[in-house]
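Novice: Quick one: the structure is below, questions incoming.
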Amino acid sequence: MAARVFDGKKLAEKIKEKIAKEIKEKNLKPKLSLILVGNDPASQVYVKKKHEACQEIGIISDQHFFTEKASEKEITELIEILNKDPEVSGILVQLPLPEQISVKKVINLILPEKDVDGFHPVNIGKASIGQNCFFPATPLGILRLIEEEKIELQGKNVVIVGTSNIVGKPLGLMLLNKNATITYCNKFTKDLKEFTKKADILISAVGKPKLITKDMVKKNAIVIDVGTTRNETGKLTGDVDFEEVKKTALFITPVPGGVGPLTVACLMENTLKAEKQSFKKRLSKTSEINSDCTGEKND
Ligand code: GUN
């Protein structure tokens, strides 16, 4: 029997509707600041999608565009302003950045409580030990998919192909915290098939079309494709040979329309979370001031 094909758009809509409802009901004012440096076409598309999602669900979004030649100082100065701005719930710097700008410096400068991308070392560290933090949006989207589809993780062999700091690595740690057995593979892995064949859940996040072929996938496996490569005609393709692999897998995510829409929805989820946490902080500060004024504080 052919695999069940996941509908990422449907789940993303469900997540976004829930967020929109909460924003409206609680009269919240989440705000996401998006920073784009240069004119990489893919980055422009991603930032536009994020901005549109914000507008759709009631998140205020401001966009800051810089040319390819922008200096590191220009970007860090803006981040410092946004860090201090109480109206700004979340800050996102679209990657990649031009080479004159250090990604490490920029990411490390964003306050961890405004790092809705979940890229700051504090958030990555907390995610790795299962503490409350901002999970990176793509791994969080995959976690939401796994929850929605009631896919069991405990004791399962999860093989992750691709070990980037923003997807593969944090995803493995997050799934490890759900008691799965994790194997990481990268471009140096000697016999990739030897590992992928053993996967109950196979996740590929490389960006190489047809990297995962049918012979590399166990029968009835769950296959999650995070690869996104645009061909010459602009068509988006995943890492998995979808038409062939779906013949023997149990469940498969397509590209486009699989994990992609979840990334944006989960970024929205993180932005709302950032706003709620900062709102709570502001509230507790106000009650401290009020109790100071009324002399209620015992000190
Ligand atoms: N570049 C590719 N994916 C991402 C992402 O999730 N966030 C940011 N900021 N840049 C990216």
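Novice: Hey, if you put +1 on the Cβ of every Lys and Arg and -1 on every Asp and Glu Cβ in the range 116-226, which of 221, 174, 140 ends up farthest toward the positive end of that dipole?
Specialist: Going by the charge dipole, the pick is 221.
Novice: Between the range 225-250 and the range 49-126, how far is it from one alpha carbon centroid to the other, in angstrom?
Specialist: Computed from Cα coordinates, the inter-centre distance equals 30 Å.
Novice: Sticking with this structure for a sec: Between 239, 117, 85, where does the largest GNM mean-square fluctuation fall for the chain, given springs only between Cα atoms within less than 10 Å?
Specialist: Of the options given, 85 has the highest mean-square fluctuation.
Novice: How far, in nm, would the chain grow between residue 28 and residue 232 when pulled straight, counting 0.36 nm per residue and subtracting the alpha carbon separation? Intermediate results must be reported in sequence, preceding the final value.
Specialist: Numbers: separation 204, 0.36 × 204 = 73.44 nm, distance 4.28 nm.
Gain on extension, residue 28 to residue 232, equals 69.2 nm.
Novice: Could you check the spin-label model distance between residue 55 and residue 69? Points 7 Å from the Cα along Cα→Cβ, value in nm.
Specialist: If labels sit at residue 55 and residue 69, their model points lie 3.0 nm apart.
Novice: Share of the chain's accessible area from carbon and sulfur, percent, 1.4 Å? Could you put the intermediate results ahead of the total?
Specialist: Details: 8560 of 15730 Å².
Exposed carbon and sulfur together represent 54 percent of the surface.
Novice: With a 1.4 Å probe and every protein chain left in place, work out the accessible area per residue of the range 127-258 in Å², rounded to a whole number. Spell out each step's value before the answer.
Specialist: On the way: 6320 Å² over 132 residues.
In whole numbers, the range 127-258 has 48 Å² accessible per residue.
Novice: Which of 84/280; 69/273; 18/219; 169/210 have a Cα-Cα distance over 26 Å? Could the numbers behind the result be given before it?
Specialist: Values: 84/280 17 Å; 69/273 34 Å; 18/219 36 Å; 169/210 22 Å.
In this structure, 69/273; 18/219 exceed 26 Å between Cα atoms.
Novice: Zone of residue 208 (label point 7 Å along Cα→Cβ, backbone N under 19 Å): which residues in the range 138-169?
Specialist: 159-169
Novice: Taking 41 Å as R0, compute the FRET efficiency from the Cβ-Cβ separation of residue 80 and residue 148 and round it to 0.05. Mind showing how you got there, number by number?
Specialist: Working: r = 39 Å, r/R0 = 0.94.
Here the calculated transfer efficiency is 0.60.
Novice: Would you mind checking 156/281; 48/276; 105/150 for any pair whose Cα atoms are more than 28 angstrom apart?
Specialist: Values: 156/281 39 Å; 48/276 24 Å; 105/150 39 Å.
From the list (156/281; 48/276; 105/150), the Cα-Cα distance tops 28 Å for 156/281; 105/150.
Novice: Give the angle, between 0 and 90 degrees and rounded to the nearest 10, that separates the Cα long axis of helix 259-294 from the longest principal axis of the Cα atoms of the chain.
Specialist: 20 degrees
Novice: Enumerate the residues in the range 205-231 having an amide nitrogen under 19 Å from the point lying 7 Å beyond the Cα of residue 197 toward its Cβ.
Specialist: Residues 211-223 fall inside that zone.
Novice: May I ask which residue of 59, 39, 8 lies farthest towards the positive end of the charge dipole of the range 8-62, with charges of +1 (Lys, Arg) and -1 (Asp, Glu) on Cβ and the Cα centre as origin?
Specialist: Value: 8.
Novice: If you don't mind, there's one more thing I want to ask. Express in nm, to one decimal, how much length is gained between residue 9 and residue 277 on full extension, taking 0.36 nm for each residue of separation and deducting their alpha carbon distance.
Specialist: Details: separation 268, 0.36 × 268 = 96.48 nm, distance 2.76 nm.
So the extension gain works out to 93.7 nm.
Novice: Under the 0.36 nm per residue contour assumption, what length would be gained going from the current alpha-carbon distance of residue 17 and residue 102 to full extension? Don't jump to the answer; show the numbers that get you there.
Specialist: On the way: separation 85, 0.36 × 85 = 30.60 nm, distance 3.63 nm.
In short, 27.0 nm is gained.
Novice: For residue 50, list the aspartates and glutamates whose Cα falls under 16 Å from its own Cα; do not include residues on the same chain fewer than 8 positions away.
Specialist: Those aspartates and glutamates meeting the cut-off are 13, 17, 40, 62, 115, 117, 269.
Novice: Still on this model: Where is the GNM fluctuation largest for the chain (alpha-carbon springs, 10 angstrom cutoff): 78, 262, 97?
Specialist: Judging by the Gaussian network model, the answer is 78.
Novice: Connecting C-alpha atoms closer than 10 Å in a GNM of the chain, tell me which of 93, 45, 245 has the biggest fluctuation.
Specialist: 45
The values are calculated or read from the model by the stated rules, or taken from the named source; none is laboratory data. Since this is a predicted model, take the numbers as computed values, not measurements. Quick reminder, even Gly has a Cβ in these numbers, built from the backbone with ideal geometry, and neighbours come from all protein chains shown. Just so you know, the surface numbers come from the protein's heavy atoms only, side chains and all, with ligands and any DNA or RNA stripped out. Shrake-Rupley method; radii C 1.70, N 1.55, O 1.52, S 1.80 Å.
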